[in-house]
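Only one structure is covered here, and it is reproduced in the block below.
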Amino acid sequence: MASHTAPPTGVVQLPAALRNLAEMGLLLERIERGGTTPDAEQYRSLIEHILAELERHPRDAALDELLQCFPATGVLYENLRYATSGLCLRSLDESVASEQQTRSLLQTLAKAGPGAV
């Protein structure tokens, strides 16, 4: 299995199963940044293909990395999972736990005083 971390060159290696999704994500980024202008049908088709690919792949570290590399595809993923996760890449339980940990840390730091950090 390929490494999911970016080497110093900034190149991300993804499993072969995500290559099609990565290629479509790159195309979507180019469109979103104004690099190319497809007609409405081409754009709709691209979005449908990306959504179908996102449905096929389980959530794992490789998919997370791909979604970070291609923010427009990440937005599609969020929209696809809106019913269970809202507008975030993490599940609601993970998001709530993260918020609780952050609040706890901030309270601890506030009690420790300004010179404690």
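Annotations
- Label point distance in nm, residue 61-residue 26, each placed 7 Å from Cα along Cα→Cβ: 2.3
- Entry note, the range 1-80: relative contact order of 34 percent, from Cα contacts under 8 Å with a spacing of 6+ residues.
- Per-residue ³J(HN,Hα) for the range 39-55, Karplus 6.51 cos²θ - 1.76 cosθ + 1.60, θ = phi - 60°, Hz, x for Gly and Pro: 6, 4, 5, 5, 5, 4, 4, 4, 4, 4, 5, 5, 4, 5, 5, 4, 5
- Residue-wise HN-Hα coupling along the range 22-29, computed from phi with Karplus coefficients 6.51, -1.76, 1.60 (Hz; x: Gly, Pro): 5, 5, 5, x, 5, 4, 4, 4
- Sorting the segments 20-28, 45-53 by their residues' average number of neighbouring beta-carbon atoms within 10 angstrom, most packed first, yields 20-28, 45-53.
The numbers here are math on the coordinates, done by the rules we state, and not lab data. These numbers come from a predicted model, not from an experiment. Please note: Cβ atoms are built from the backbone with ideal geometry, for glycine as well, and neighbour counts cover all protein chains shown.
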